[in-house]
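A.B. asks: Right, I'll just put the structure down here and ask away after.
The values are calculated or read from the model by the stated rules, or taken from the named source; none is laboratory data. No experiment lies behind these values; they were computed from the predicted model shown. Remember, those area values only see protein heavy atoms, side chains included, never the ligands or the DNA or RNA. Shrake-Rupley method; radii C 1.70, N 1.55, O 1.52, S 1.80 Å.
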Amino acid sequence: MTSFIGFIVVIIVLSILTGMMQGTKKKRGRSTGKRKPAAKKSNNKNVKTTFNRSSTTCRPDDVLLRTSLDKINGAEFERLLSLYFRDQGYSVKEVGVGGKDGGIDLVIVDKRGEKTAVQAKCYADHNKVQVMTVRELVGAKRNHDCILSLLVTTSDLTADAKREAEQFKVDYWHGGSCREQAPVLGEMAACQN
């Protein structure tokens, strides 16, 4: 029995050593001595960088506060909302910032202790919030034990989404109609419904 266990141990040790040797061979094989040509640097300083709204990176707060709504991505929009509500005296819990959130990005609590579920949608003007988003928010509000719900978007809601929001008492702020006059989110609250 002990010789059988010894045999198994030897096989395991040999397989580990073989794997390690193959790893070093791969590393050697990658370096063929040939160099790839270096990327050419552009001397053109007027090159426009394209904006990626679907990016999940978030710039520093001081930069976000000076950036117009059409130049921020979803994670940055959620961060702006968080900063805004904290500035308004709410305590803020970031639930699903920048990823899968189950219908809620923030839970804000006012001074009386009332909890509000907040869903943020950073969309281009032509991309309106669909009715399914409102329905998800209504369900998620219950899951997070919130009394109120708020949908904040940089665009607008479809007609069906507006009807559903009114039926289920979902407040919504939309930025599509006031984008020009509200480059900073702090002024977006004036654009409610």
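A.B. asks: Order 62, 105, 145 by their accessible area, 1.4 angstrom probe, all chains in place, largest first.
C.D. replies: 145, 62, 105
A.B. asks: Could you order 144, 174, 126 by accessible surface area, starting with the largest, using a probe radius of 1.4 Å?
C.D. replies: 126, 144, 174
A.B. asks: Could you tell me what a quarter of the Cα convex hull surface of the stretch 63-156 works out to, in nm² with one decimal place?
C.D. replies: If you wrap the Cα atoms of the stretch 63-156 in a convex hull and average its projections, you get 5.8 nm².
A.B. asks: Sorted by accessible area (1.4 Å probe), largest first, how do 163, 112 line up?
C.D. replies: 112, 163
A.B. asks: If I ignore ligands, DNA and RNA and count only protein heavy atoms, how much of residue 107 is accessible to a 1.4 Å probe, in Å² to the nearest 10?
C.D. replies: 10
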